[in-house]
Each structure stands twice: as C-alpha cells, then as structure tokens.
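Chemist: Before we start, here is the structure in question, set down as structure tokens.
Nothing in this text is a laboratory measurement; each read-out follows from the coordinates by a stated rule. Everything numeric in this text was worked out from a predicted model, so none of it was measured. Cβ coordinates were reconstructed from backbone atoms using ideal geometry, including for glycine residues, and neighbour counts include every protein chain displayed.
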Amino acid sequence: MEALRVARYIINKCIELEKPISNLPLQKIIYFVHIGFLKKTGKRLITDKDFEAWQWGPVIRDVYHEYRIFGSNALSIPEENANLDLNESEKEVIDKIIDESTELPPWELVKRSHNPKGAWIKIYKEGSKNIIPSELIEEEAETLENE
C-alpha cells in the first residue's frame, strides 16, 4: 500500500478523534502502525516506500516532504484519497494503534521509536538518513508484545 495513502488515513483518523497531529507524530504513528500491522497480520502495510533512520526516529521521506510546509502545526484539514483497501479486522489493528498513539506526547512517541531493540537504533548514524532494511523492521515487529 502507498505510504501517502496510509498517512492520509492516519491524519483523517486523528481529526475524527479530535486529536490532530503534526508531521513529527505522524511519522512515528506511521511506523508504529506499520510494525503493528506486520506483527498482527504477517504482511507489510507500506509497500511502496522505505523507512529511513532520521535523528528523531523512522521517517518516510515522501510523507515528510508532503507535510513539512506545516512545520510543527497540526494537520487539521481532512485529506482525500485516504481509503485503505483492508478488511475490518485489519482496519481495527490500525485504528487501535492510532488511538493509543494519540494519547502520548510527541516526544514520548520519539522515545518509543528509539527502542533499544528496534530497527532504528541499529541503523541510525548521526548526520545520515540510512534506509532501515525491511528485515530489521520485521525483527522488531516480532519482539512486540502480543496484545
């Protein structure tokens, strides 16, 4: 699935929950949704783009550039083309992660994305924006606690 479509879905869901988010938490929530979906279904949610290890955690470059003009302001305008071609149980997995993530402050999301056993910590090098290999993301998903 396209990363931008997933981002639009998350933005709209956050608006629906009356908890609009900025680009920073959007990037973390996309990552958590991706690894949570992988853990629950065994399938990658985002298939068209790679995550990169940036200073504040995993980032999808195209999504970052799409929303960077908003700076740290909330993304509060509903997005079009945000439908996810998923069944109801798959959407429930995603919605639960979004709901839980919006309860946390942005810097707590950053902290969680810097999981000492996670993919980001294994790849991040200061000043670089290295691609996080899918295999490492899969390993991180396997370490998530079952809920």
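Chemist: Just give me the residues in the range 42-58 being under 17 Å from residue 5 (Cβ atoms) and in contact (Cβ under 8 Å) with a residue 12 or more places away in the chain, in sequence order.
Modeler: 44, 45, 46, 47, 48, 49, 50, 51 - these are the residues of the range 42-58 that are under 17 Å from residue 5 (Cβ atoms) and in contact (Cβ under 8 Å) with a residue 12 or more places away in the chain.
Chemist: If you don't mind, another one. Only one of (1) over 28 Å from residue 127 (Cβ atoms); (2) free of Cβ contacts under 8 Å to residues at least 60 places away in the same chain; (3) exposed (fewer than 15 other Cβ atoms within 10 Å of the Cβ) is not met by residue 72, so which one is it?
Modeler: (1) is the only condition that residue 72 fails.
Chemist: Within the range 23-49, which residues are surrounded by fewer than 17 Cβ atoms within 10 Å (Cβ to Cβ) and either farther than 19 Å from residue 83 by Cβ or of a type in the set (A, V, I, L, M) (or both)?
Modeler: Result: 42, single match.
Chemist: Give the residue, chosen from 132, 98, that is under 26 Å from residue 17 (Cβ atoms) and of a type in the set (A, V, I, L, M, F, W, C).
Modeler: 98
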